[in-house]
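Contents: one structure, followed by commentary.
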Amino acid sequence: MISVEEALRILRAHLPAPGVETVDFRSSLGRVLAEDLLANSDIPPFDRCAMDGYAVRADDTRPAPVELPVAGESRAGGGMPGSLAPGRAVSIMTGAPVPPGADAVVVVEQCRTAADKSRVAILEPVSCGDNIAPRGCEARAGEPVLRKGHRVGPAEIAVMATFGYARVDVYRKPTVAILATGDELVEVDRQPRPDQIRNSNAYCLAAQLELLGFPSDYLGIARDTREDLHRKVAAGLERDILIITGGVSMGEYDLVRDVFRDFDLEILFNKVSIRPGKPTVFARKGDRLVFGLPGNPISALITFECFVRPVLGRLCGMMSPELPRMKGELLRDVRQAPGRTAFLPAWVSWREDGWVVDPLPWKSSADIIGFTGANAAYIFPKHLDRMGRGEKVEIMFLPDFFVRQR
Ligand code: AMP
Ligand code: MG
């Protein structure tokens, strides 16, 4: 059985190269740029006034106070102004071009304008460059403003708009299909027989994918027969990534691995030293990747976050798509059988100067109801069987950590 770290190494070593597509810049939010974007002009494109006031020559404001005749106006979008003659001032607004000849702007609060606006008294002296953003101070034409590999957020969208990049190259999102398996499963709108349960994993996984920004196709429930599994896996292999839940443990009707062999899928691992989630399978056929996640709901949820998320993230160009990890202080003694790295539910909060970890009761890897109280998983090292209150433990924030409420 391989460790979690080894599983992650294997995953990384078998990823196809990310694809590239061109999208409208507004839909690039959350994507990763696949090209450098260069400034196609200086920004600002002219010496830009940063405050409302008067454009002057700094030398003309000394010794203050001094009174200057007002020789005109420059306003935002009002055309390029003519030059400022020595000993004069031009009324100017934020965002307007500074007239040639002026080298500073006096803010309006430091001025007294005559009633007829023909003269202005400057109350305090200014220095050369005050309140002016010189042409090109934010970007020079030709220099890169956004680099390939950069993740797009709202500020990046603004940069694209600034330089008129209406379409941009980003890494393509792989297409994903979800397949549930199990003779005991019925759909959400059905009344289960006494020996049946409703399929919840497919919807949980679809929601996890959605939080990550991935649409998915749901292929339904495959029955525990080789024929039905075969048919539905075939449909799943038309997508870049197929996520299957259930049917990967050692039971007589756990046929997923057998079906992988029918398709000549190369199984890269089929057991990981993780709790919950030991029987996780990762397989590949060419550029198609297939995950066989265990059927227990928390096993599926945790193994998705640990193994599927980093793969999907890297395939669309992210450098470190793993969920963020921190250390926090345990509020309680906890015990575990040693042997596997355990990801256990916790409520993590900030207290004074650090994260504190409230471990939640843990019934089993099927206890999805208990898990709804968690905003994080704390990571119980595999060589330990107990950890004490006050000890530091590693925590993995769940994707919606910052919006959850207790
Ligand atoms: P398996 O991995 O197929 O052996 O399933 C392990 C446990 O998870 C069994 O109790 C299944 O009934 C349950 N299970 C499997 N698939 C699902 C699913 N899609 N939704 C909810 N429970 C499931
Ligand atoms: Mg099953």
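Each reported figure results from applying straightforward, stated rules to the coordinates on display, with no laboratory input. Quick caveat, the model's predicted, so the values are computed rather than measured. Don't worry about glycine lacking a Cβ; one is built from the backbone with ideal geometry, like all the others, and counts go over all protein chains shown.
Taking the highest mean first, how do the peptides 179-185, 46-52 order by number of other beta carbon atoms within 10 angstrom per residue?
179-185, 46-52
Only helical DSSP H runs with n ≥ 4 go in: add -39500 (n - 2.57) per run for the chain, normalise by residue count and round the 222 nm mean residue ellipticity to 500 deg cm²/dmol.
On the way: 8 runs with 66 residues, N = 406.
The per-residue figure over the chain is -4500 deg cm²/dmol.
Pairs K173/K278; K173/K232; K271/K327: which are spaced more than 24 Å apart, C-alpha to C-alpha? List each step's numbers first, then the result.
Working: K173/K278 28 Å; K173/K232 22 Å; K271/K327 27 Å.
Long pairs (Cα-Cα over 24 Å): K173/K278; K271/K327.
When the Karplus curve 6.51 cos²θ - 1.76 cosθ + 1.60 is applied with θ = phi - 60°, which whole-Hz ³J(HN,Hα) does each residue of segment 338-353 get, with x for Gly and Pro?
x, x, 10, 5, 9, 10, 10, x, 8, 9, 10, 9, 8, 10, 6, 10
Using Cβ contacts closer than 10 Å as the measure, can you line up L212, L84 from fewest to most? Write down the numbers at each step before the final one.
Values: L212 21, L84 24.
Final ranking by Cβ density, sparse to dense: L212, L84.
Would you list Y378, Y54, Y165, Y253 from fewest to most Cβ contacts within 10 Å? Intermediate results must be reported in sequence, preceding the final value.
Numbers: Y378 25, Y54 28, Y165 19, Y253 14.
With the fewest neighbours first, Y378, Y54, Y165, Y253 line up as Y253, Y165, Y378, Y54.
Return the long-range amide H neighbours of E138 (sequence gap of 5 or more, or a different chain), with a cut-off of under 5 Å between placed amide H atoms.
Residues meeting the criterion, in which the H sits 1.01 Å from N, are I43.
Suppose R0 equals 51 Å; then what is the FRET efficiency for D195 and K148 from their Cβ-Cβ distance, rounded to the nearest 0.05? Numbers along the way, then the final one.
Values: r = 54 Å, r/R0 = 1.07.
Approximately 0.40, to the nearest 0.05.
Compute the Cα gyration tensor for the chain, then decide on rounded, prolate or oblate, letting a ≥ b ≥ c be the square roots of its eigenvalues: rounded whenever a/c is under 1.5, prolate when a/b is larger than b/c in the other cases, and oblate in all that remain. If you can, show how the numbers build up before the last one.
Values: a/c = 3.54, a/b = 2.35, b/c = 1.50.
Judged from the Cα gyration tensor, the chain comes out prolate (a/c at least 1.5, a/b above b/c).
In whole Å, what is the distance between the alpha-carbon centres of segment 1-39 and segment 265-294?
One Cα centre to the other: 20 Å.
What is the distance in Å between the Cα centroid of segment 146-215 and that of segment 239-259?
21 Å
Aspartates and glutamates near K117 by alpha-carbon distance under 14 Å, same-chain residues fewer than 8 away left out - which ones?
Within reach: E67, E73.
In degrees between 0 and 90, to the nearest 10, how far off the longest principal axis of the chain does helix 201-211 point, with axes built from Cα atoms?
In the chain, helix 201-211 runs at an angle near 10 degrees to the longest axis.
Which value, to two decimals, describes the C-alpha radius of gyration of segment 241-315 once divided by 2.2 N^0.38 Å? Present the calculation step by step, with values, prior to reporting the outcome.
Details: Rg = 11.5 Å, N = 75, 2.2 N^0.38 = 11.3 Å.
This ratio for segment 241-315 stands at 1.02.
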